[in-house]
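The values are calculated or read from the model by the stated rules, or taken from the named source; none is laboratory data. Keep in mind that this is a model prediction, so the values were computed, not measured. Cβ sites come from the backbone with ideal geometry, for glycine too, and all protein chains shown count toward neighbours.
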Amino acid sequence: MASDHESALASNVPRPTLEVQNLTTEFVTRSGIAKPVRGVNFSVMPGQIMGLVGESGSGKSLTGYSIMGLVDHPGVVTCGRVLFKGVDLRGLNSAQRRAIRGDRIAMIFQDPMMTLNPVLRIDTQIMEVVSAHYPVDRQTARAMARSALVQVGIASPDERLSAYPHQFSGGMRQRIAIAIALINKPDLIICDEPTTALDVTIQAQILFEMQKLCREAGTSLIWITHDLSVVAGLADTVCVMYAGEIVESGTVQQVLALPRHPYTSGLIACAPSRNKPGAPLRQINGSTPSLLALPSGCAFRNRCDRASDICHTPPPTVDEGGQSFRCFHPMPINKFNESVG
Amino acid sequence: MNHLPLLELRGVSKRFGTSQDVVARIAKVFGVGLPDHTVYAVDDVNVSVFPGEIVGLVGESGCGKSTLGRMAVGLYGMTAGQRFWKSEQLEKLDPASRRQKQLGMQLIFQDPVSSLNPRMRVRDIVGEAPVVHGMVAAAEKNAYVEELLQRVGLNADALPRYAHQFSGGQCARIGIARALALKPELLVCDEAVAALDVSIQAQVLNLFMALRAELNLTYLFISHDLGVVRHVADRVLIMYLGRIIESAPTPALFSSANHPYTQALLAAAPRLEVRKMVFTPVKGEIPSPLHPPTGCHFHPRCPHAFHRCKVEIPTFREIAPSHFSACHLND
């Protein structure tokens with residue numbers, strides 16, 4: 001670990017905030033072993049926003065939980081490394097993990113009503129996060145809570161501090177959840193579909209705040225979502241997950257302009273905005289496979305119109321200028337432009 | 001296009017409130033009663049749906065779009081207003097013939113899984129209503145359901161199965177088959193694709209379009225997703241807090257939105273084509289329909305609001321051919 005650190009300093013390359021290597025999570029069920037996260041690799045640099053995109057059941061949320069160490073029984077993180085600033089989180093004991101969670105790494109969940117405790121006032125809930133990690137007195141903690149509310153754009157923070165979660169609207173609750181995540185100035189925030197339950201105009205407000213905060217504080221962000229258009233507007237890099245694996249990754253510019261994996265390409269092509277109004281939408285046939293009965297080799301091959309016999313063996317990861325994809329028959333570079341243009 | 005609307009709603013309103021008991025009503029006379037908790041879910045709305053067209057109804061949560069859809073098909077009673085089906089006022093008919101007419105419009109519900117009875121087999125979910133209404137003899141039910149399932153892209157082996165044995169996309173198809181079983185002319189789709197994954201959503205939208213061509217269907221397509229509505233609809237209605245504030249043919253609405261709320265909505269929606277979008281959000285929250293703002297409902301959040309917006313409800317009027325908007329800025 002030390003040698004890694006020195007070599008990074010020597011070459012003056014910024015070190016990633018988070019590096020996930022070969023992360024695998026398994027669930028032992030009565031009907032067999034399901035692997036919702038299979039050998040996931042990615043890294044996030046300081047100040048970078050990474051979009052983690054996938055459909056339901058693709059393992060995107062469980063990747064987030066596995067990083068945080070929040071996978072419940074019967075799920076187990078069975079292999080891989082989660083290097084947070086060079087330290088493997090999987091090697092820490094629970095006390096050490098707790099010291100990092102909520103302080104250096106924060107998480108924002110999909111449903112803000114489930115995140116907040118309904119019987120505690122929100123000042124209690126925000127101050128708790130500070131006092132769990134730092135020896136501060138009540139006055140300081142309350143002042144910090146107040147400024148956190150101001151930071152996320154809540155009007156009249158003094159009165160709002162002593163309100164209960166039910167007195168806030170959905171968008172406001174999500175802002176409070178964000179305030180809680182931000183208060184200790186973490187290096188990394190994992191956001192699990194934080195705007196999916198919100199309306200478009202409220203979503204734009206939250207995205208606006210997150211963009212601003214990342215730019216100002218240099219916080220790294222992992223934005224888990226099913227919505228490619230949110231990723232297009234918000235993120236720097238993107239990883240596309242399918243059936244537990246990252247099938248394609250790269251910068252947003254690369255992946256959305258020139259997707260190479262047939263799944264990514266299909267996902268982009270079936271968005272209504274990519275089709276002529278009224279014309280039939282291009283579609284991906286079939287549905288996502290059960291995690292207990294994944295096809296051998298490439299998990300997407302049953303739905304893929306480019307699949308051949310070779311797809312029964314696991315595809316290699318191909319890297320082309322920072323954009324990597326797992327496919328034997330990647331989309332040709334010019335084909336996609338023709339079909340969309 | 002035929003110029004007689006298939007379905008017309010005139011001045012339709014829906015208020016939800018607790019009914020007050022005798023004591024509360026007497027107390028109210030003396031001015032000491034409890035405050036009124038009335039939700040103005042839909043407030044004086046006019047909608048016409050012409051044969052063969054797809055009307056998109058767009059709005060954020062709590063704006064009353066689902067309530068309007070449910071009133072249109074008769075699932076909710078109206079507090080005020082009139083419904084006309086093929087120029088015939090439904091409220092004036094006796095209940096039996098009203099029910100008969102209402103079979104011509106069917107609703108597809110938001111959650112494809114929970115809208116199917118978990119204890120019923122697919123053959124009963126789809127086949128129950130046509131048998132009850134005497135459209136199909138009980139002995140021919142299986143064959144009839146099988147034909148419907150094929151039409152929506154499912155196999156006959158689905159007949160004896162239960163809802164939990166299907167994926168979300170398949171459940172959506174069963175819900176569509178159930179609606180089609182009564183040979184409707186108008187389908188009201190209440191967020192019918194919102195719960196589906198993108199790749200499945202495309203399949204179901206394609207199915208809707210194919211059915212429209214095959215069966216000459218008319219749709220009232222309720223959604224919060226502007227991208228979906230832009231793709232399927234011929235005409236779009238924008239709803240905000242119980243009122244329709246803009247209505248225009250789809251291309252006109254997306255190219256030259258008139259109402260400030262529509263403009264904000266279009267600006268706030270993330271798009272695949274835009275990288276590193278600079279979000280310029282509208283300020284404020286969606287107000288509670290318990291205490292809607294006076295005048296124009298949008299004025300507390302509107303960047304162009306002036307004094308008149310607070311006191312006077314803007315009239316919904318034509319600003320360009322078949323483009324209607326309710327905003328004082330147009331005067």
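So, B:Leu187, is that one away from every other protein chain (no Cβ under 11 Å) and under 24 Å from A:Ala269 (Cα atoms) or not?
Answer is no for this residue.
Checking B:Phe254, B:Phe279, B:Phe298 one by one, the residue that is in a loop (DSSP other than H, G, I, E, B), among the hydrophobic types (A, V, I, L, M, F, W, C), surrounded by fewer than 20 Cβ atoms within 10 Å (Cβ to Cβ) and in contact with a Leu (Cβ under 9 Å, 6 or more places away or on another chain) is B:Phe279 and no other. Scanning region A:274-295 for residues that are facing another protein chain (nearest Cβ under 8 Å) and within 16 Å of B:Met209 (Cα to Cα) yields A:Asn275, A:Pro277, A:Gly278, A:Pro280, A:Leu281, A:Arg282, A:Gln283.
Of all the criteria given as (1) more than 19 Å from A:Val129 (Cα to Cα); (2) out of contact with any Leu (no Cβ under 9 Å at 6 or more places or on another chain), the one not satisfied by A:Ala163 is (1). Evaluating B:Pro184 against the criteria (1) at positive phi; (2) crowded, with 19+ Cβ neighbours inside 10 Å; (3) not hydrophobic (A, V, I, L, M, F, W, C) leaves one unmet condition, (1).
Applying the set (1) surrounded by 24 or more Cβ atoms within 10 Å (Cβ to Cβ); (2) in contact with a Ser or Thr (Cβ under 6 Å, 6 or more places away or on another chain); (3) more than 9 Å from chain B (Cβ to nearest Cβ); (4) not charged (D, E, K, R) to A:Ile222 leaves exactly one unmet item: (2).
Selection of helices (runs of 4 or more DSSP H) fully inside region A:136-206 by the criterion of at least 3 residues being in contact (Cβ under 8 Å) with a residue 60 or more places away in the chain returns A:170-182.
Taking the condition modelled with pLDDT under 90 and among the small types (Gly, Ala, Ser), does A:Gly266 pass? For A:Gly266, the condition - modelled with pLDDT under 90 and among the small types (Gly, Ala, Ser) - is not met. Put simply, of A:Ala132, A:Ala155 the only residue that is on the phi < 0 side of the Ramachandran plot and more than 14 Å from chain B (Cβ to nearest Cβ) is A:Ala132. Cβ-Cβ contacts under 8 Å between residues 6 or more apart (or on different chains), taken from a first residue in region A:117-129 that is free of Cβ contacts under 8 Å to residues at least 40 places away in the same chain to a second residue that is outside any helix (DSSP H, G or I), are listed as A:Asp123/A:Ser162.
Among the residues making up region A:238-256, those that are among the hydrophobic types (A, V, I, L, M, F, W, C) and within 9 Å of chain B (Cβ to nearest Cβ) are A:Val252, A:Leu256. Based on this model, can you work out whether B:Gln203 counts as under 28 Å from A:Ile206 (Cβ atoms), polar (S, T, N, Q) and within 12 Å of chain A (Cβ to nearest Cβ)? No. For residues in region A:269-278 being among the small types (Gly, Ala, Ser) and at pLDDT 85 or above, which is farthest from B:Val232 (Cα to Cα)? My answer is A:Ala269. Does region B:21-31 contain at least one residue that is buried (at least 17 other Cβ atoms within 10 Å of the Cβ), more than 14 Å from chain A (Cβ to nearest Cβ) and more than 15 Å from the chain's Cα centre (by Cα)? Among the residues of region B:21-31, not one is buried (at least 17 other Cβ atoms within 10 Å of the Cβ), more than 14 Å from chain A (Cβ to nearest Cβ) and more than 15 Å from the chain's Cα centre (by Cα), which makes the answer no. Scanning region A:257-273 for residues that are surrounded by fewer than 23 Cβ atoms within 10 Å (Cβ to Cβ) and either within 21 Å of A:Thr317 (Cα to Cα) or more than 9 Å from chain B (Cβ to nearest Cβ) (or both) yields A:Ala257, A:Leu258, A:Gly266. A search for C-beta distances below 7 Å between a residue of region B:226-249 that is within 12 Å of chain A (Cβ to nearest Cβ) and any residue that is surrounded by fewer than 24 Cβ atoms within 10 Å (Cβ to Cβ) and among the basic types (Lys, Arg), counting only pairs 6+ apart in sequence or on different chains, returns B:Pro249/B:Arg235. If you take the residues in region B:208-225 that are at the interface with chain A (Cβ under 8 Å from one of its Cβ atoms) and assigned to a helix (DSSP H, G or I), which one is farthest from B:Val55 (Cα to Cα)? So the residue we want is B:Ala210.
So which helices (runs of 4 or more DSSP H) are wholly in region A:55-119 and hold at least 3 residues that are surrounded by fewer than 14 Cβ atoms within 10 Å (Cβ to Cβ)?
It comes to A:94-100.
Given the structure, is B:Arg123 of a type in the set (D, E, K, R) and without any contact (Cβ under 8 Å) to a residue 60 or more places away in the chain? Against the criterion (of a type in the set (D, E, K, R) and without any contact (Cβ under 8 Å) to a residue 60 or more places away in the chain), B:Arg123 qualifies. Restricting attention to region B:265-290, the residues that are within 24 Å of B:Asp43 (Cα to Cα) and of a type in the set (Phe, Trp, Tyr) add up to 0.
Annotation: of all residues in region B:46-84 being among the hydrophobic types (A, V, I, L, M, F, W, C) and more than 18 Å from B:Cys189 (Cβ to Cβ), the one that is surrounded by the most Cβ atoms within 10 Å (Cβ to Cβ) is B:Met78.
Restricting the search to region B:257-267, which residues are in a loop (DSSP other than H, G, I, E, B) and surrounded by fewer than 17 Cβ atoms within 10 Å (Cβ to Cβ)?
Of region B:257-267, the ones in a loop (DSSP other than H, G, I, E, B) are B:257-259.
Passing the criteria: none in range.
Given the condition touching a Gly at 6+ places or on another chain (Cβ under 8 Å) and loosely packed, with under 15 Cβ neighbours inside 10 Å, answer yes or no: does some residue in region A:277-296 qualify? Yes, that holds for at least one residue. Here A:His133 fulfils each of the conditions (1) in contact with an Asp or Glu (Cβ under 7 Å, 6 or more places away or on another chain); (2) within 20 Å of A:Pro112 (Cα to Cα); (3) not in a helix (DSSP H, G or I) apart from (2).
Taking the residues in region B:282-292 that are surrounded by fewer than 19 Cβ atoms within 10 Å (Cβ to Cβ) and more than 19 Å from B:Leu329 (Cβ to Cβ) as candidates, determine which candidate is nearest to the other protein chains (Cβ to nearest Cβ). Residue satisfying both the conditions and the ranking: B:Glu285. Determine, yes or no, whether B:Leu265 is within 21 Å of the chain's Cα centre (by Cα) and either within 30 Å of A:Val252 (Cβ to Cβ) or within 9 Å of chain A (Cβ to nearest Cβ) (or both). Here the answer is yes, as B:Leu265 does meet what is asked.
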